[in-house]
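First the structure, in the form of structure tokens, and then the observations on it.
Read-outs throughout are calculated quantities, based only on the coordinates presented, and are distinct from any laboratory measurement. Since the structure is predicted, the reported quantities are computational estimates derived from the model, not experimental observations. Neighbour counts run over all protein chains shown; Cβ positions are idealised from the backbone, glycine included.
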Amino acid sequence: MTIILSTLNARYTHASLGLRYLLANMGDLQAQARIQEFVIGAKTTEIVEKLLAGKPRVIGFGIYIWNVEETTRVVAMLKRVAPGVVIVLGGPEVSHESAKQQIVQLADYLVTGWGDVTFPRLCGEILNGPKPLMKIHAGVQPPMADIKLPYSLYSDDDVAHRTLYVEASRGCPFKCEFCLSALDKTAWPFALDTFLAELESLHARGARLFKFVDRTFNLNIKTSLKIMQFFLDKLAANPDDPVYAHFELVPDHLPDALKEGIAKFPPGALQFEIGIQSFNPEVQMLVSRRQDNAKAAENIRWLCEHSHAHLHVDLIAGLPGEDVVSFARGFDQLVALGPHEVQFGILKRLRGTPIIRHTEEYGMVFDPYPPYTILATRDIDFGTMLRLVRFARYWDLVANSGRFVNTIAQMLGDAPFNNFMAFSDWIYSKTDATHRIALERLASLVGQWLQVGGMDEAAATALVASDYAGRVDAKPMKAGPAAAAPQRQVRHLAA
Ligand code: SF4
């Protein structure tokens, strides 16, 4: 095969939408190109061996924050054992501030930004001449109608076993400075009827789980309603074979028409990812995040009380101007609203994001290695930041996992942040670990913690046992949440 399009996905179930876009738009070169995906954690030698088995002349890699280090090793090895194979990079992790990146130095060419038309053009020049003079090619953004949709390239295996990512639009009109989409300036929709026809054929092929990567599903309400109606029609026609759709929402924009549509979805059919990030107005102003907090809270409460949608709501710790007290206040406020999950993320300094302008004034210290996590700020020292990192990890294990549905309310009491932080500090002192804690041991530790708080042994054991018996449901956070998902800040890099 002449051209291989490759990436290292975070998990097997994540089918790369970016690679499928590239293949769909290869034009005359499509017959000479194919996709070859790997999963992070695979051996470098095995990846290189499998890539070279196809005897490619060009390999294009999609580079993301989660795979840049491993792909760097893959490219370094390829350049040693097969120096004649041309390596082209693209993806968000190499689209900004890339000149000094090791992987960029190792590669032959780099396409920054949108690759849909620039990557195929570059491949044509590499294969047929004239040889491209420049190493770095700024991706050209074509009219949306010129981009071929990639959904037919999901294989039957993808449809049967993997998450199908779809997008009705690209870009975001908002400017939150910690997010790469802040650079977009606006959102660009695909032609809706064409897009819905693609969803129709995916559904006809058996697809039932659709994950929308649109930055803000509820920007254009007419479009949102049409997309929701597509799923409502499917649910009405096939109640025994339901579809499941996942959307990202901005929380302060939920007009009545949209609420009406949302309320029609039965349980288990709809999931919303909602970014709050911070409830602190000063922090919001600093990071240029426009958000009506009262409206956002009202809408989250409405969704909890009047819809069956499963709600994941995101907060980010470590933003400029946020100290632990103000973060705790926002956390408690959010828990009180009752979403199924609070996604507690730690700020990452994504390449290209404007948040860097606060570095000096707010004493922001980031890990220089991916995923560039914040280590300290003027308002949160290194030791405290690590306590927050551990809190986030234990929160996933105990709250977001859905394994302690009944116990979590008791643990949180009337001061969720402080109470869970005390648990987090305590369990870390007992285990010296945040990973590889077997479920049985975790349950025993949670039981011990309840006793530290004054509960008698029999009651603590019975409460934990009521969860540990395996009951997992989708009650709101006040009564315990369900399965964990990646953080929104990172997820926004996925497509
Ligand atoms: S955080 Fe969400 S709303 Fe803000 S710029 Fe990013 S995608 Fe847009």
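Residue-wise HN-Hα couplings along region 353-358, as the Karplus relation 6.51 cos²θ - 1.76 cosθ + 1.60 with θ = phi - 60° gives them from phi, are 6, x, 4, 4, 5, 8 Hz; Gly and Pro carry x. Run the paramagnetic zone check for M134: 7 angstrom along Cα to Cβ, then residues of region 94-116 with backbone nitrogen under 15 Å. Label zone hits: 95-99, 109-115. Ordered by the count of other Cβ atoms within 10 Å of each Cβ, fewest first, T71, T118, T407, T186 give T186, T118, T407, T71. Over the C-alpha atoms of region 154-380, the Rg to Rh ratio, Rh being the Kirkwood estimate, stands at 0.99. At full extension, I40 and S152 could sit 37.8 nm farther apart than now, given 0.36 nm per residue minus the alpha carbon distance.
For K100, K175, K185, which order do you get if you count the other beta carbons within 10 Å of each Cβ and list the fewest first?
Values: K100 7, K175 16, K185 11.
Ascending number of Cβ neighbours within 10 Å: K100, K185, K175.
Backbone N atoms of region 47-80 closer than 18 Å to the 7 Å Cα→Cβ label point of Q105 belong to residues 68-80.
In region 362-404 the Cα-Cα distances spread across 10 Å bins starting at 0 as 29, 40, 25, 7 percent of all pairs.
Using Cβ point charges alone (K and R +1, D and E -1), the dipole size of region 3-145 about the Cα centre works out to roughly 300 debye. Taking the inverse of the mean 1/r over every pair of distinct Cα atoms in the chain gives a Kirkwood hydrodynamic radius of 24.1 Å.
Could you compute how fast region 3-145 diffuses translationally, taking Rh as the Kirkwood radius over C-alpha pairs and applying Stokes-Einstein at 4 °C with viscosity 1.567 mPa s? Give it in µm² per second. Answer, rounded: 86 µm²/s.
By the count of other C-beta atoms within 10 Å, a proxy for reagent exposure, I103, I147 are ordered fewest to most as I147, I103. Remark on region 174-278: Rg and Dmax equal 14.4, 44 Å (Cα only).
Could you tell me which of rounded, prolate or oblate describes region 81-122, using a ≥ b ≥ c as the square roots of the eigenvalues of the alpha-carbon gyration tensor, with rounded for a/c under 1.5 and, failing that, prolate when a/b is larger than b/c and oblate otherwise? Kindly include the intermediate steps, with their values, before the conclusion.
Details: a/c = 2.88, a/b = 1.14, b/c = 2.52.
Judged from the Cα gyration tensor, region 81-122 comes out oblate (a/c at least 1.5, b/c at or above a/b).
The alpha-carbon positions of region 303-454 define a convex hull whose volume is 133 Å³ per residue. When only the Cβ of Lys, Arg, Asp and Glu is charged (+1, +1, -1, -1), the dipole of the chain relative to its Cα centre reaches about 1180 debye.
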